[in-house]
Amino acid sequence: MTEVTLSPAAPSTTSEQAIAQERRLVTEIPGPRSRELHERRKAVVPPGVHSVLPVYIDRAHDSIVVDVDGNHIIDVCGGIGVTTIGHTDDAVIQAAREQLGKVTHTLFTMTPYEPYVQVAEHLAQAIAGGEGYTTLLMNSGAEAVENGVKIARKYTGRPGVAVLEHAYHGRTMLTSTMNFKAAPYALGYGPRASDVYKAPNSYPLHDGLSGAEAAKRTINYLEKVAGAEDLACLVVEPIQGEGGFIVPADGYLPALAEWCRANGIVFIADEVQAGMARTGTMFSIEQFGVVPDIVLSAKGIAGGLPLAGITGRAEIMAKSQPGGLGGTFGGNPVSCAAAVAVFEQIKQRGLLAEAKRIEATFGAGLRELQEKYNVIAEVRGKGAMLAIEIVKPGTLEPAPEIVGRVIDEAAKRGVLLLSSGAYNQAIRFLPSLKMSDALIEDVLSVLDESFAEALG
Ligand SMILES: *Cc1c(COP(=O)(O)O)cnc(C)c1O
């Protein structure tokens, strides 16, 4: 039998008690209590549910997570871009708590409630100034993608789903087929979904193509392999997340959107990672001058609570029959209340500008590191969605072992980082939009030490 009570710990505090926004280590990483928990976990959680860093978190605020051993660790990952406005944001906590005391569930498709409508209003506003877009709410990014595809198929009456190389869309049966990487997402879980076509993307560092050239390559491929008139939708991450924060060349996305329009293909922007103010605009695609037919949001939308949105042109969304869309927990009232607070906080605290501040300070620091370490081939990204691509010196070959060593060294020093890319060729940075410049400087100095150590 597994012991299910926690062993004696440092006195626990609630997350709302002030957590100093600074790095402070009191044990090695992972510490003894984390290691103990990890042993217990192995008996009851399967290895397929893998934790990148087995440091067990007790509480968190803004940019700092505090583990069960009392270490204060700088979180530059944010649960992969979820805590965009920081951990346990006061306004989010208050809104969620108020809603918890009112009603936690009715099922919107049974008897509705206002917070769902408010989130839909905010999303319509964010995409198109409030006009002509309607929203279905679900729980996760993968569900958003599933529903986006479903809605596009219903609207067009066509089966085909076009995606791009280096894409990531989730772990459900359909989305795991849509991902670029077979391992670990689809391998052994077949049969895979049919009618999914993976076209070449725009990856300027590697293909050297202009946006127009890369778009031509993508379109030629899809016309040849899928046939435009068989395609329901093209699903695109405007900045590819798991792929390595790949920013397409100028003109690439507008050319794809134009081709979709001309061929009756629904253009779906998967903004699950890049959306919700992360890149300095509410949705990253704004910066490419494209208004998509459908926008998918999730990760950062509710400040850490599960929620996902499928927001599309009303005409497309209206094709689905009553009862065709929904799910028991979709648009949970507590998550919706939290999301409303997130939208309000983005505005009130000027978080779009904060994303641009982070792009400037963090970006400048990363470029300094690039001068110093020739394994850094590129600094890229927008706003608070930045990455560095790591290569074998003098080549463009990925160097995942260096990525791994740098991330390990940073973890030992109390900075939580994450790799990215089909070949683990990148280190990505997803700080809270409230991370101070002082904390960013500290992260950069830890990165510097970690590179020196990893390469030494
Ligand atoms: C994370 C992610 C998803 C999947 O979201 P889940 O909530 O993990 O299902 C889909 N698309 C993109 C771009 C993502 O980054």
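The values are calculated or read from the model by the stated rules, or taken from the named source; none is laboratory data. Source: prediction; values computed, not measured. Glycine also receives a Cβ, built like all others from the backbone with ideal geometry; neighbour counts cover every protein chain displayed.
Considering (1) outside any loop (DSSP other than H, G, I, E, B); (2) within 24 Å of Ala144 (Cα to Cα), say which one Asn201 fails and leave the rest.
Here Asn201 meets the rest and fails (1).
Looking only at residues that are polar (S, T, N, Q) and part of a loop (DSSP other than H, G, I, E, B) in the range 237-280, which one is nearest to the ligand (Cβ to nearest atom)?
Of everything passing the filter in the range 237-280, Gln273 is nearest to the ligand (Cβ to nearest atom).
Return the residues of the range 281-303 that are farther than 19 Å from Val149 by Cα, among the polar types (S, T, N, Q) and within 12 Å of the ligand (Cβ to nearest atom); say none if nothing qualifies.
Selection gives Ser284 alone.
Anything in the range 40-99 that is among the basic types (Lys, Arg) and in the same structural domain as Gln273 (by TED's automatic domain parsing)? List them, or say none.
Correct list: Arg97 only.
For Arg158, are the conditions met, namely being assigned to a loop (DSSP other than H, G, I, E, B) and within 15 Å of the ligand (Cβ to nearest atom)?
No, not satisfied.
Out of all the residues in the range 283-325, which are crowded, with 18+ Cβ neighbours inside 10 Å, closer than 16 Å to Ala120 by Cα and either in contact with a Phe, Trp or Tyr (Cβ under 9 Å, 6 or more places away or on another chain) or of a type in the set (Ser, Thr, Tyr) (or both)?
Within the range 283-325, Asp293, Ile294, Val295, Ser297, Ile301, Pro306, Thr311, Gly312, Arg313, Ile316, Met317 qualify.
Among the residues of the range 400-449, which ones are among the β-branched types (Val, Ile, Thr) and in a helix (DSSP H, G or I)?
Residues satisfying the conditions are Ile402, Val403, Val406, Ile407, Ile440, Val443, Val446.
Quick one: would you say Val291 is more than 23 Å from Tyr221 (Cα to Cα), assigned to a loop (DSSP other than H, G, I, E, B) and not assigned by TED's automatic domain parsing to the domain that holds Ser63?
For Val291, the condition - more than 23 Å from Tyr221 (Cα to Cα), assigned to a loop (DSSP other than H, G, I, E, B) and not assigned by TED's automatic domain parsing to the domain that holds Ser63 - is met.
Hey, does the range 88-100 have a residue that's within 16 Å of the ligand (Cβ to nearest atom) and either crowded, with 16+ Cβ neighbours inside 10 Å or of a type in the set (A, V, I, L, M) (or both)?
No; the residues of the range 88-100 include none that is within 16 Å of the ligand (Cβ to nearest atom) and either crowded, with 16+ Cβ neighbours inside 10 Å or of a type in the set (A, V, I, L, M) (or both).
If only one of Ala182, Ala152, Ala167, Ala144 is of a type outside the set (Ser, Thr, Tyr), crowded, with 23+ Cβ neighbours inside 10 Å and more than 14 Å from the ligand (Cβ to nearest atom), which one is it?
One residue alone meets the criteria, Ala152.
Restricting the search to the range 210-247, which residues are out of contact with any Ser or Thr (no Cβ under 7 Å at 6 or more places or on another chain) and among the charged types (D, E, K, R)?
Matches in the range 210-247: Glu213, Lys216, Arg217, Glu223, Lys224, Glu229, Asp230, Glu237.
How do the pairs read when you match residues in the range 335-358 that are at pLDDT below 95 with residues anywhere that are in a loop (DSSP other than H, G, I, E, B), using Cβ under 8 Å and keeping only pairs 6 or more apart or on different chains?
Nothing qualifies.
Would you tally the residues in the range 408-430 being among the charged types (D, E, K, R) and free of Cβ contacts under 8 Å to residues at least 60 places away in the same chain?
So the count comes out to 2.
For (1) over 18 Å from Val290 (Cα atoms); (2) modelled with pLDDT under 95; (3) of a type in the set (Val, Ile, Thr); (4) crowded, with 22+ Cβ neighbours inside 10 Å, each residue gets a yes or a no:
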site	(1), (2), (3), (4)
Thr177	yes, no, yes, yes
Gly188	yes, no, no, no
Ala193	yes, no, no, no
Glu237	no, no, no, yes
Gly243	yes, no, no, yes
Pro248	no, no, no, yes
Gly251	no, no, no, no
Asn263	no, no, no, no
Ile268	no, no, yes, yes
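Listed residues Gly309, Gly326, Gly330; which is away from the ligand (no atom under 14 Å from the Cβ) and not in a helix (DSSP H, G or I)?
Result: Gly326 is the single residue among Gly309, Gly326, Gly330 that is away from the ligand (no atom under 14 Å from the Cβ) and not in a helix (DSSP H, G or I).
Val272 - would you say it is crowded, with 21+ Cβ neighbours inside 10 Å and not polar (S, T, N, Q)?
For Val272, the condition - crowded, with 21+ Cβ neighbours inside 10 Å and not polar (S, T, N, Q) - is met.
Looking at the range 268-288, I want the residues that are closer than 15 Å to Leu386 by Cβ and among the aliphatic types (A, V, I, L, M) and have a partner that is within 10 Å of the ligand (Cβ to nearest atom) and in a loop (DSSP other than H, G, I, E, B) with Cβ atoms under 8 Å, at least 6 apart or on another chain. Which pairs are those?
Between residues of the range 268-288 that are closer than 15 Å to Leu386 by Cβ and among the aliphatic types (A, V, I, L, M) and residues that are within 10 Å of the ligand (Cβ to nearest atom) and in a loop (DSSP other than H, G, I, E, B), the close pairs are Ala274/Glu237; Ala274/Pro238; Ala274/Ile239; Ala274/Gly241.
What residue, among those in the range 373-405 that are out of contact with any Asp or Glu (no Cβ under 8 Å at 6 or more places or on another chain) and among the β-branched types (Val, Ile, Thr), is farthest from Met435 (Cα to Cα)?
Across the range 373-405, the extreme among qualifying residues is Thr395.
When you scan the range 285-301, do you find a residue that is at pLDDT 95 or above, among the basic types (Lys, Arg) and more than 15 Å from the chain's Cα centre (by Cα), even just one?
Within the range 285-301, none of the residues are at pLDDT 95 or above, among the basic types (Lys, Arg) and more than 15 Å from the chain's Cα centre (by Cα).
Inspect the range 110-131 for any residue being over 22 Å from Ala337 (Cβ atoms), part of a helix (DSSP H, G or I) and within 16 Å of the ligand (Cβ to nearest atom) and give the result as yes or no.
Taking every residue of the range 110-131 in turn, none turns out to be over 22 Å from Ala337 (Cβ atoms), part of a helix (DSSP H, G or I) and within 16 Å of the ligand (Cβ to nearest atom).
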